[in-house]
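Bear in mind that the values in this text are calculations on the coordinates, not laboratory data. Keep in mind that what you see is a predicted model, and the values were worked out from it rather than measured. Using ideal geometry, Cβ is built from the backbone for each residue, glycine included, and neighbour counts are taken over all protein chains shown.
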Amino acid sequence: MGKVIIFGTNDLAELAHYYLSNDSAHEVVAFTVHEQYLKEDSFKGLPVVAFETLEGAYPPTEFSLFAPMIGTKMNQLRESVYLEGKAKGYDYISYISSKATLFDNEIGENCFILEDNTIQPFTRIGNNVILWSGNHIGHHGVIKDHVFFTSHVVMSGHCIIESHCFVGVNATIRDGCTLSQGTLLAMGACLTSKRTEPWGVYIGNPAKLKEGKISHEVF
């Protein structure tokens, strides 16, 4: 527990500030953005500083980072910020809501896990993962790095979610399925096939592969 700088000044940063201030022992002391997006010198009554020079004002030996960003470019933008912070020497905190249900799960850093998530026993979660509110994460599963679950997703037992996946609202994943790297499972989709194609888009019930692959440059 300690002093934290939040990356961003958008809605997710504001939400992160609220959750950390009201449901954690961490103290938010500042916000940071890349210099080209530095339009104001304060946010929520706290300083906003350029990410490029952050370590000069807030050295990584004394402060931690938290980067709760949206899933732009299939979470690759959030990954790049996360890795940039690691290269500067920062540790990242994770926020796990006191209203989430866990069972001694292994959870990595820079995770943002909101209220009413149920994470069943023997499931592991990697780094830089966002689980929005109200998801069921089944037993003996693995969610790897840089993944975004929206709300009310059901992930059944023994599933593997590879890196850079994005899962839409009310999607369902059958037990024993693997979402390959960069899978986009659309809102309301019901996945029954055992393995998806990397960087594929799956829609419908049962979920089918949409023609074409995700363009990393425009998503």
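Do we find a residue being within 25 Å of PHE149 (Cβ to Cβ), assigned to a strand (DSSP E or B) and hydrophobic (A, V, I, L, M, F, W, C) anywhere in segment 91-103? Let's see the steps before the verdict.
In the first step, residues of segment 91-103 are kept if they are within 25 Å of PHE149 (Cβ to Cβ); the result is 91-103.
Now narrow it down to the ones that are assigned to a strand (DSSP E or B): 92, 95-96, 101.
Applying the additional criterion that residues be hydrophobic (A, V, I, L, M, F, W, C) yields 96.
Yes: segment 91-103 contains one or more residues that are within 25 Å of PHE149 (Cβ to Cβ), assigned to a strand (DSSP E or B) and hydrophobic (A, V, I, L, M, F, W, C).
Just one of the numbered conditions (1) assigned to a helix (DSSP H, G or I); (2) out of contact with any strand residue (DSSP E or B) (no Cβ under 6 Å at 6 or more places or on another chain); (3) among the aliphatic types (A, V, I, L, M) is not true of ALA13; which one? Going through (1) assigned to a helix (DSSP H, G or I); (2) out of contact with any strand residue (DSSP E or B) (no Cβ under 6 Å at 6 or more places or on another chain); (3) among the aliphatic types (A, V, I, L, M) one by one, ALA13 breaks only (2). I'd like to know if segment 201-208 contains one or more residues that are free of Cβ contacts under 8 Å to residues at least 12 places away in the same chain and surrounded by fewer than 18 Cβ atoms within 10 Å (Cβ to Cβ). Yes, because at least one residue in segment 201-208 is free of Cβ contacts under 8 Å to residues at least 12 places away in the same chain and surrounded by fewer than 18 Cβ atoms within 10 Å (Cβ to Cβ). Among the criteria (1) over 24 Å from SER163 (Cβ atoms); (2) in a helix (DSSP H, G or I); (3) touching a residue at least 24 places away in the same chain (Cβ under 8 Å); (4) not hydroxyl-bearing (Ser, Thr, Tyr), the one ARG78 does not fulfil is (1).
For residues in segment 47-69 being surrounded by 14 or more Cβ atoms within 10 Å (Cβ to Cβ) and of a type in the set (A, V, I, L, M), which is nearest to the chain's Cα centre (by Cα)?
Per the stated criteria, the residue is MET69.
How many residues does segment 22-43 hold that are of a type in the set (S, T, N, Q), without any contact (Cβ under 8 Å) to a residue 24 or more places away in the chain and within 23 Å of LEU83 (Cα to Cα)? Working first, answer last.
In the first step, residues of segment 22-43 are kept if they are of a type in the set (S, T, N, Q); the result is 22, 24, 32, 36, 42.
So of that shortlist, the ones also without any contact (Cβ under 8 Å) to a residue 24 or more places away in the chain come out as 22, 36, 42.
With the extra rule that they be within 23 Å of LEU83 (Cα to Cα), the set shrinks to 36.
The total comes to 1.
In segment 156-180, of all residues being part of a loop (DSSP other than H, G, I, E, B) and touching a Lys or Arg at 6+ places or on another chain (Cβ under 7 Å), the one that is farthest from THR118 (Cα to Cα) corresponds to SER180.
Of all residues in segment 50-98, those satisfying the criterion of being small (Gly, Ala, Ser) and out of contact with any Gly (no Cβ under 9 Å at 6 or more places or on another chain) are ALA50, GLY56, ALA57, GLY71, SER80, GLY85, ALA87, GLY89, SER97, SER98. Reported count of residues in segment 109-127, each being in contact with a Phe, Trp or Tyr (Cβ under 7 Å, 6 or more places away or on another chain), of a type in the set (A, V, I, L, M, F, W, C) and in a loop (DSSP other than H, G, I, E, B), is 1. Tell me, yes or no, whether segment 136-158 has at least one residue that is under 28 Å from ASP91 (Cβ atoms), buried (at least 19 other Cβ atoms within 10 Å of the Cβ), touching a residue at least 60 places away in the same chain (Cβ under 8 Å) and in contact with a Pro (Cβ under 9 Å, 6 or more places away or on another chain). Within segment 136-158, none of the residues are under 28 Å from ASP91 (Cβ atoms), buried (at least 19 other Cβ atoms within 10 Å of the Cβ), touching a residue at least 60 places away in the same chain (Cβ under 8 Å) and in contact with a Pro (Cβ under 9 Å, 6 or more places away or on another chain).
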